[in-house]
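Notes to accompany the following structure.
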Amino acid sequence: MEITEDLLNGFRDWLLGEGVSEGTVKNYLSHLRSVVGLRLCGKGDVSKVFEGMGGVNDKTRKAFSRLLTYVERKVDGYDELVIKLRKALPKRPKSREDTYVPPDSLIKAVGEGVKELGPPYVMLYNVLVSTGCRGTEAIYLINNIGRLKAVDLGPYVRVHVDLQRGSKNEFVMYLPKEVYQQLKEFRQGLPHEDTLGKGLKEAGLSIKYFRKWWRQTLKKLGIDSEDIEAFQGRVTTIGGRHYTDWIPLLDNDYGRVLPHIKKYLVF
């Protein structure tokens with residue numbers, strides 16, 4: 001198998017179709033284009049890949065691993081080779097765990113800050129504090145709210161998004177009724193994901209920390225850890241039990257946490 005521009009173009013289109021952000025796709029391709037022309041025949045060639053990409057780090061490993069996933073799923077004739085190459089992948093570099101969880105006061109301050117940035121930022125903020133989802137998933141929800149199945153549960157709504165991106169999944173999201181209506185009425189269109197992320201950071205907090213805050217908030221409110229895992233789409237963590245088995249539990253749990261979440265919403 002040769003790494004070619006055509007292969008990388010197909011890889012790019014597949015990633016975008018899977019919901020991977022444009023920024024992440026560009027990052028993967030920036031590493032992989034440095035090894036265009038390299039032929040892969042067996043385990044020994046994996047070291048050449050990483051030499052060409054400047055060494056093994058979390059970014060280069062992810063880029064090559066995702067490329068192998070693409071070849072395995074979408075390119076015929078390389079199943080055995082992919083198995084050999086994946087076995088030769090270097091171990092994932094250890095990274096320091098980011099343990100910071102923002103305090104409630106900072107979440108409220110960011111909420112006030114996004115009011116000055118305009119409706120797209122207000123909506124993104126409201127989705128993040130309502131769902132505990134990732135930024136990419138929040139943007140997908142906002143952009144597709146009109147075509148996603150929603151179940152009215154009175155003061156809140158269960159939205160079925162059914163997003164699956166490797167180990168990152170999100171199947172249902174819950175929104176207070178006011179936030180759901182806000183999204184349904186929005187007609188303006190969102191800025192680019194990177195622009196949205198920069199705006200929230202300037203307002204006081206990077207997007208990734210909302211997810212950490214939301215998880216800790218639910219733990220403080222007495223929600224079971226497995227239920228929180230299900231809320232946030234960690235199907236590998238919650239095990240083999242079918243995800244839909246959690247829906248009645250999550251419906252009930254969200255009713256318990258809604259009064260607290262509503263304290264942070266801005267309109």
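The values are calculated or read from the model by the stated rules, or taken from the named source; none is laboratory data. Because the structure is a prediction, the values reported are computed rather than measured. Glycine gets a Cβ as well: all are built from the backbone with ideal geometry, and neighbour counts include every protein chain shown.
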**Q.** Hits in segment 192-201 - residues which are touching a helix residue (DSSP H, G or I) at 6+ places or on another chain (Cβ under 8 Å) and either under 10 Å from Leu117 (Cβ atoms) or without any contact (Cβ under 8 Å) to a residue 40 or more places away in the chain (or both)
**A.** Leu196, Gly199, Leu200
Q) Inside segment 228-260, can you point out the residues that are buried (at least 17 other Cβ atoms within 10 Å of the Cβ), among the acidic types (Asp, Glu) and modelled with pLDDT under 95? A) Glu229
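A quick yes/no check of all residues on (1) assigned by TED's automatic domain parsing to the domain that holds Lys184; (2) in contact (Cβ under 8 Å) with a residue 60 or more places away in the chain; (3) in a helix (DSSP H, G or I); (4) not hydroxyl-bearing (Ser, Thr, Tyr):
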| site | (1), (2), (3), (4) |
| --- | --- |
| Arg92 | no, no, no, yes |
| Thr99 | no, no, no, no |
| Pro120 | yes, yes, yes, yes |
| Tyr140 | yes, yes, yes, no |
| Asn143 | yes, no, yes, yes |
(Q) If Ser47 meets every condition in (1) part of a loop (DSSP other than H, G, I, E, B); (2) modelled with pLDDT of 90 or more; (3) surrounded by fewer than 16 Cβ atoms within 10 Å (Cβ to Cβ) apart from one, which number is that one? (A) (1)
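Condition check ((1) of a type in the set (Phe, Trp, Tyr); (2) at pLDDT below 90; (3) loosely packed, with under 15 Cβ neighbours inside 10 Å; (4) assigned to a loop (DSSP other than H, G, I, E, B)) across all residues:
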| site | (1), (2), (3), (4) |
| --- | --- |
| Gly154 | no, no, yes, yes |
| Val159 | no, no, no, no |
| Phe171 | yes, yes, no, no |
| Gln182 | no, no, no, no |
| Arg187 | no, yes, yes, yes |
| Pro191 | no, no, no, yes |
| Thr195 | no, no, yes, no |
| Lys198 | no, no, yes, no |
Q: Return the pairs, sorted by first residue and then second, in which the second residue is of a type in the set (D, E, K, R) and surrounded by 14 or more Cβ atoms within 10 Å (Cβ to Cβ), the first residue lies in segment 101-113 and is under 11 Å from Tyr209 (Cβ atoms), the beta carbons are less than 7 Å apart, and the residues are 6+ apart or on different chains.
A: Val101/Lys212
Q: Among the residues of segment 1-42, write down those that are surrounded by 15 or more Cβ atoms within 10 Å (Cβ to Cβ) and farther than 30 Å from Glu193 by Cα.
A: Met1, Leu38, Leu40
Q) How many residues are over 17 Å from Arg61 (Cβ atoms), among the aliphatic types (A, V, I, L, M) and either in a helix (DSSP H, G or I) or touching a Pro at 6+ places or on another chain (Cβ under 7 Å) (or both) if we restrict to segment 9-36? A) 1
Q. Could you give every pair whose Cβ atoms fall below 9 Å, whose first residue belongs to segment 19-32 and is in contact (Cβ under 8 Å) with a residue 12 or more places away in the chain, and whose second residue is of a type in the set (Asp, Glu), counting only separations of at least 6 or pairs across chains?
A. Gly19/Glu137; Ser21/Glu193; Ser21/Asp194; Glu22/Glu193; Glu22/Asp194; Gly23/Glu193; Gly23/Asp194
